[in-house]
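J.: My questions will all concern the structure given below.
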Amino acid sequence: MLIVADHLENCTGVGPQTCMLVKENPEDEWAYFYGQIEGFVYEAGYNYELLVNEFPVPDPAADASSIRYVLKDVVSKVPSSDNADLIKEWTVIKIKGLEQLSSSPTMIFQQEDTKVAGFAGCNNYFSTYKISGNNLSFGPAGATRKLCPDMSVEDAFFKNLPTVARFEIVKKELYLYDQNDELLLVALSE
């Protein structure tokens, strides 16, 4: 049994490339899969369970696998639930750079047109987002132009939003991280 993740990740073999993430058991850590599985057509956004045959490769090239993988059967192909878990309203409770929040920004993710909108701390805003597995990025944000006495929350929110690279959802909490895995924002859902 080979479990394949719903997204590809950048990896480096002989040179930079993208790799599937695989594991043999659900409790295992994900590992990069540098090769190909003959007969398998990968589609992002789906988690797979595959039965594969493994054949030894006599005298493989220095940069090639010593095992040839051939698809025997696709046991399951399930759409990723990460996207569905994100599509709701979130209230921001922590922002990098601020000790406490004088107002609570919101993030309302919409499935249609991959739009996100909400309250930034003073003004209402709107943007788009892209998601692939647990990778998440935001497009340029637009906002109303009201001036409030305290703009610190909104300024910090808009400073961190474009640097978001990935997310995690744990129970009812959304964690947004940058590409260096530094925590930028924490939000709660109802």
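The values are calculated or read from the model by the stated rules, or taken from the named source; none is laboratory data. Predicted model, so just to flag it, every value in this text is computed and none were measured. Ideal geometry is used to build each Cβ from the backbone, glycine not excepted, and the neighbour counts take in all protein chains shown. Side chains are part of the model used for accessible areas, which takes the heavy atoms of the whole protein and leaves out ligands, DNA and RNA. Shrake-Rupley method; radii C 1.70, N 1.55, O 1.52, S 1.80 Å.
J.: Cα centroid distance between segment 134-157 and segment 1-57, in Å?
T.: Each part reduced to its Cα centre gives a spacing of 37 Å.
J.: Report the gain in length on full extension from I169 to T128: 0.36 nm times residue separation, minus Cα-Cα distance, nm rounded to one decimal.
T.: Full extension from I169 to T128 adds 12.8 nm.
J.: Now, a different point. Going out from 0 in 5 Å bins, what whole percent of all Cα-Cα distances in segment 1-67 drops into each bin?
T.: Final binned percentages: 4, 15, 24, 26, 20, 9, 1, 0.
J.: Okay, next question. Show that you can apply the helix-only estimate: for the chain, add -39,500 (n - 2.57) for every DSSP H stretch of four or more residues, divide by all residues, and state [θ] at 222 nm to the nearest 500.
T.: Details: 2 runs with 14 residues, N = 190.
For the chain, the value works out to -2000 deg cm²/dmol.
J.: Roughly speaking, to the nearest percent, how much of the chain's 1.4 Å accessible area is carbon and sulfur?
T.: Looking at the chain in its full context, I get 51 percent from C and S.
J.: Enumerate the whole-percent occupancy of each 10 Å bin, from 0 to the last occupied one, for all C-alpha pair distances of segment 8-120.
T.: Taking all Cα pairs of segment 8-120, the binned fractions are 11, 28, 24, 19, 12, 5, 0 percent.
J.: State which entries of K146/K171; K72/K130; K96/K171 exceed 28 angstrom in Cα-Cα distance in the structure shown. Write out the running numbers ahead of the final one.
T.: On the way: K146/K171 35 Å; K72/K130 33 Å; K96/K171 21 Å.
Violating the 28 Å limit, Cα to Cα: K146/K171; K72/K130.
J.: Which whole-Hz ³J(HN,Hα) couplings does segment 89-100 yield from phi under the Karplus relation 6.51 cos²θ - 1.76 cosθ + 1.60, θ = phi - 60°, glycine and proline marked x?
T.: Once θ is set to phi - 60°, the couplings for segment 89-100 become 9, 10, 10, 6, 10, 8, 10, 4, x, 10, 6, 9 Hz.
J.: May I pose another question? Considering all alpha-carbon pairs of segment 72-126, what whole percent are spaced by more than 17 angstrom? Present the calculation step by step, with values, prior to reporting the outcome.
T.: Working: 791 of 1485 pairs.
Value for segment 72-126: 53 percent of Cα pairs lie more than 17 Å apart.
J.: List the aspartates and glutamates whose alpha-carbon lies under 18 Å from that of K115, not counting same-chain residues fewer than 8 positions away?
T.: D82, D85, E89
J.: Sorting check: for 87-95, 175-183, which peptide has the highest mean count of neighbouring beta carbons within 10 Å, and how do the rest follow?
T.: By packing density, highest mean first, the sequence is 87-95, 175-183.
J.: Normalised radius of gyration for segment 99-190, please: alpha carbon Rg relative to 2.2 N^0.38 Å, two decimal places.
T.: 1.05
J.: Let me ask something additional. Around K72, under 11 Å between beta carbons, what's the net of Lys plus Arg minus Asp minus Glu among the other residues?
T.: For residues surrounding K72, the net value is -3.
J.: Choose one of T144, T91, S103: the residue whose Cα lies farthest towards the positive end of the charge dipole of the chain (beta-carbon charges +1 Lys, Arg; -1 Asp, Glu; about the Cα centre).
T.: Farthest along the dipole direction, towards plus: T144.
J.: Strictly greater than 27 Å: what percent of every Cα pair in the chain meets that?
T.: 42
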